[in-house]
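Engineer: Questions regarding the structure given below will be posed in turn.
The values are calculated or read from the model by the stated rules, or taken from the named source; none is laboratory data. It should be emphasised that the depicted structure is a prediction, and the values quoted were computed from it without experimental measurement. Cβ placement follows ideal geometry from the backbone for every residue including glycine, while neighbour counts extend to all protein chains displayed. To get the accessible areas, we keep the full protein, side chains included, count just its heavy atoms, and leave off ligands, DNA and RNA. Shrake-Rupley method; radii C 1.70, N 1.55, O 1.52, S 1.80 Å.
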Amino acid sequence: MEFVTYEVKDRVGIITISREKALNALNSQVLDELGEAFDAVDLNEIRCIVLTGAGEKSFVAGADIGEMSSLTKAEGEAFGKKGNDLFRKIETFPIPVIAAVNGFALGGGCEISMSCDIRICSENAVFGQPEVGLGITPGFGGTQRLARLVSPGMAKQLIYTARNIKADEAYRIGLVNKVVKAEVNEAGEVTVSAKDALMAEALKMAAGIASNAPIAVRNCKKAINDGLAVDMDKAIVIEEKLFGDCFETEDQKAGMANFLEKDKEKKLKVVPFANK
Ligand code: CAA
């Protein structure tokens, strides 16, 4: 692949959008390659994904404006579907996906981060939906996910004004879970860059998720996602089914036996999802 790299650290997969010359903007090829990267994740081994952008400056500076500039109505709709299909794949991916947002997350960049389960960002991150300034609406789920993640009023304000916000404001409105700062020594010199500190934090969070029972974590993701799409009476039934689904698994037996034996050191057994 030309614009996407994939590496594995223990049980965590790291997918990096790597088109630095265009600030990792999403053209059709990047979207296709991202889809291929997610399809290639070995779900019997990997328990959490970290999604990031190459370099210090930009996570993703949006959909590719050059590619979009000459689209017809029908082609515009098809391009929106292409992004939406990929982002829905990420949102419903069986294991958690953490967006490690290093710098600009604008338009499609903000939107892809919102399709992930958790967003953490570097202190230089900038979020925004600048589309109305380009004569279009957000087209990769921004009108829907921003309104659900923050509030309809705040989403409308950000989208109608096309105002970019910095990391601290993104944290304050609940768009990101955590802001990671560069490490600085007493002389004021940067010892760990904001990007390195961000990746260390993202990988630490991912490793923590990966150390928990894999079927339980997947069922939690599904319960939260599916439950939010329906009313509470239906949602609690979804939870009951996924709760019940955990019983009789090796993880449930081992996890509870470890507690009852007061053996906190024992690690949960690995149960490949495909074999559950
Ligand atoms: N598409 C295509 N190319 C892009 C791009 C994008 N979204 N964002 C940046 N680039 C390219 C620039 O054209 C430039 O390329 P050249 O060196 O070949 O000229 C290169 O990346 C570096 O960008 P800048 O020189 O502009 O860098 P800067 O530091 O001066 O500014 C920036 C950075 C503020 C992020 C600015 O690049 C910018 O405003 N980018 C566009 C952001 C945007 O509007 N995103 C939304 C796109 S629409 C969308 O995403 C629709 C949707 O919902 C699906």
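Engineer: Could you please give the count of residues in the stretch 108-142 that are farther than 27 Å from R218 by Cβ, part of a loop (DSSP other than H, G, I, E, B) and within 13 Å of the ligand (Cβ to nearest atom)?
Structural biologist: 9
Engineer: Then there is this: Among the residues of the stretch 1-27, what is the count of those that are within 13 Å of the ligand (Cβ to nearest atom), open to solvent by less than 30 Å² (accessible area, probe 1.4 Å) and not in a loop (DSSP other than H, G, I, E, B)?
Structural biologist: Matching residues across the stretch 1-27 total 2.
Engineer: Looking at the stretch 242-253, is at least one residue of a type in the set (S, T, N, Q), open to solvent by less than 30 Å² (accessible area, probe 1.4 Å) and part of a helix (DSSP H, G or I)?
Structural biologist: The answer is no; no qualifying residue exists.
Engineer: Assess whether V50 counts as being open to solvent by less than 10 Å² (accessible area, probe 1.4 Å) and aliphatic (A, V, I, L, M). First the steps, then the outcome.
Structural biologist: Details: open to solvent by less than 10 Å² (accessible area, probe 1.4 Å): yes; aliphatic (A, V, I, L, M): yes.
Yes, satisfied.
Engineer: Looking at (1) within 11 Å of the ligand (Cβ to nearest atom); (2) of a type in the set (A, V, I, L, M, F, W, C); (3) out of contact with any Ser or Thr (no Cβ under 6 Å at 6 or more places or on another chain), can you tell me which one A105 breaks?
Structural biologist: (3)
Engineer: For the stretch 149-167, enumerate the residues that are more than 10 Å from the ligand (Cβ to nearest atom) and either in contact (Cβ under 8 Å) with a residue 40 or more places away in the chain or assigned to a loop (DSSP other than H, G, I, E, B) (or both).
Structural biologist: Correct list: V150, S151, R163, K166, A167.
Engineer: Quickly run through the stretch 126-158 and pick out the residues that are open to solvent by 20 Å² or more (accessible area, probe 1.4 Å), of a type outside the set (D, E, K, R) and under 20 Å from K81 (Cα atoms). Give the derivation first.
Structural biologist: If we filter the stretch 126-158 for residues that are open to solvent by 20 Å² or more (accessible area, probe 1.4 Å), which is where we start, we get 126, 130, 132-137, 139, 143-145, 147-154, 156-157.
Subsequent filtering for residues that are of a type outside the set (D, E, K, R) retains 126, 130, 132-137, 139, 143-144, 147, 149-154, 157.
Listed by number, the residues that qualify are P130, V132, L134, G135, I136, T137, G139, T143, Q144, A147.
Engineer: Another question about this same structure. Take K156 and decide whether it is among the basic types (K, R), at pLDDT 95 or above and closer than 24 Å to M68 by Cβ.
Structural biologist: yes
Engineer: Something else: Got at least one residue in the stretch 185-204 being under 16 Å from the mean Cα position of the chain (by Cα) and either among the acidic types (D, E) or at pLDDT below 95 (or both)?
Structural biologist: Yes, that holds for at least one residue.
Engineer: Return the total of residues in the stretch 86-107 being among the hydrophobic types (A, V, I, L, M, F, W, C), in a helix (DSSP H, G or I) and under 21 Å from R11 (Cα atoms).
Structural biologist: Going through the stretch 86-107, the residues among the hydrophobic types (A, V, I, L, M, F, W, C) turn out to be 86-87, 90, 93, 95, 97-101, 104-106.
Those left that are additionally in a helix (DSSP H, G or I): 86-87, 90.
With the extra rule that they be under 21 Å from R11 (Cα atoms), the set shrinks to 90.
Residues meeting the conditions: 1.
Engineer: Which one is nearest to K89 (Cα to Cα), of the residues in the stretch 36-55 that are within 16 Å of the ligand (Cβ to nearest atom) and over 14 Å from the mean Cα position of the chain (by Cα)? Even if it seems obvious, please write down each step before you answer.
Structural biologist: Applying the first criterion (within 16 Å of the ligand (Cβ to nearest atom)) to the stretch 36-55 yields 53-55.
Of the ones still in play, those that are also over 14 Å from the mean Cα position of the chain (by Cα) are 54-55.
On the way: A54: 22, G55: 25 Å.
Among those residues, the one meeting the criterion is A54.
Engineer: Taking the stretch 189-240, which residues are charged (D, E, K, R), more than 30 Å from N124 (Cβ to Cβ) and open to solvent by 60 Å² or more (accessible area, probe 1.4 Å)?
Structural biologist: Let us first name the residues in the stretch 189-240 that are charged (D, E, K, R), namely 189, 195-196, 201, 204, 218, 221-222, 226, 231, 233-234, 239-240.
So of that shortlist, the ones also more than 30 Å from N124 (Cβ to Cβ) come out as 218, 222, 226, 231, 233-234, 239-240.
Passing the criteria: K222, D231, D233, K234, E239, E240.
Engineer: Please specify each residue of the stretch 56-85 satisfying the condition of being open to solvent by 10 Å² or more (accessible area, probe 1.4 Å), under 30 Å from D10 (Cβ atoms) and within 11 Å of the ligand (Cβ to nearest atom).
Structural biologist: Passing the criteria: only K57.
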